[in-house]
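Below is one structure, written out as structure tokens; comments come after it.
The values are calculated or read from the model by the stated rules, or taken from the named source; none is laboratory data. Fair warning: this is a prediction, and the values are worked out from it, not measured in the lab. Every residue, glycine among them, receives a Cβ derived from its backbone with ideal geometry; neighbour counts consider all protein chains shown. What goes into the accessible areas is simple: the full protein's heavy atoms, side chains included, and nothing from ligands, DNA or RNA. Shrake-Rupley method; radii C 1.70, N 1.55, O 1.52, S 1.80 Å.
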Amino acid sequence: DVDELLESDASQSLDMDALTAAFDADVNPHRVVIDCTNDDKVADYYQKWMESGVNVISPGPKAAAGPLDRYHAIQTAQRANTVEWQYESSVGSALPILTTLRDLIQTGDDVQLLRGCLSGTMAYVFQNLNEETSFSDAVRTAIEQDFAENDIREDLSGKNAGDKIVILARELGLDVSAEDVEVESLLPDEILNKNYEGDREEVHAAILEDIKALDAPMLERYRQAAAENKRLRYKFVIDQTTGKCKCSLESVDNTDPLYRLRENENLVAFETERYATSPLIVKGAAAGPDLSASGMFADLLRLGRAFVGAQA
């Protein structure tokens, strides 16, 4: 049992410098770190690890969406040391969103616009919000279904979606950072900046109590959309031509692919020179522990194929 091991006398506090020294001393040609922390302090070591020949898999978005200087330094170390940095699962869990984008770019297509929804939590909440189910109740169920981040405010503030937008924009060649993305937060500052104490369940219970104040205004936005036969969706847009990146809660009609977005799904529509009349769409479930694990495993398999290819 992992919890028992962590609480036993055999457990040790994480020492990043000692771990890095162990990588330096290891002569195994195929070393891999799967960084499930989604922590900037860990991502700060990526460059050193790659310089030692270590491959890295990043399921969380903070590494690839972090400071631009660090991002470029990691990429430089990756190329110089012939190692892999896999982070497909940081955007859409098991969905091949980054793979599709890279394939389009590498085959010479001109990718002009990306749009869709990158938050399974937001998709679930606004698929279920109605006259009978309040905003706070929909959020509560999303948490119970394990669709939400450890801190639900990362979802509801748009921060998680914003980080994913940064990753996609950088793949398009745009030098953008989180502050360059126009993000609509659904939370007022007093909730966003409040210091909640307790474990994860206690913190979420307190946040859920506070966001009941949003039930009435969110119901009003739902009614306004429904009156026009539209649906609320948390939508992102990346315009490669202008460099503009944004995500916001919008009312979409039945001509928008997001209109038919289902519970916990992500969707990315690729508008390109080749796909000018009808966008290429990647769509599917993208929230929950099983899908996250599947995405990480897929990244590991890609890494394994790269090893085989290098030996051929």
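So the values come out like this:
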read-out: Charge dipole magnitude, Cβ of K and R +1, D and E -1 - the chain, Cα centre, debye nearest 20; value: 1440
read-out: Average silhouette area of region 67-118, convex hull of alpha-carbon atoms, in square nanometres; value: 4.8
read-out: Lysine pairs within the chain, Cα separation less than 15 Å, 8 or more sequence positions apart or different chains; value: 11
read-out: Extension gain, D189 back to E202 (0.36 nm per residue minus Cα-Cα distance, nm); value: 2.7 nm
read-out: Segment T76-L300, length gained on full extension (0.36 nm per residue, minus Cα span); value: 78.5 nm
read-out: Solvent exposure ordering (accessible area, 1.4 Å, most first) of R31, R221; value: R221, R31
read-out: Virtual spin-label span in nm between A213 and T255, 7 Å along Cα→Cβ; value: 3.9
read-out: Contour excess over end-to-end distance, with Cα ends at I281 and N130 and 0.36 nm allotted per residue; value: 51.6 nm
read-out: Region 69-186: equivalent-ellipsoid semi-axes (sqrt of 5 x gyration tensor eigenvalues, Cα, Å); value: 31, 15, 14
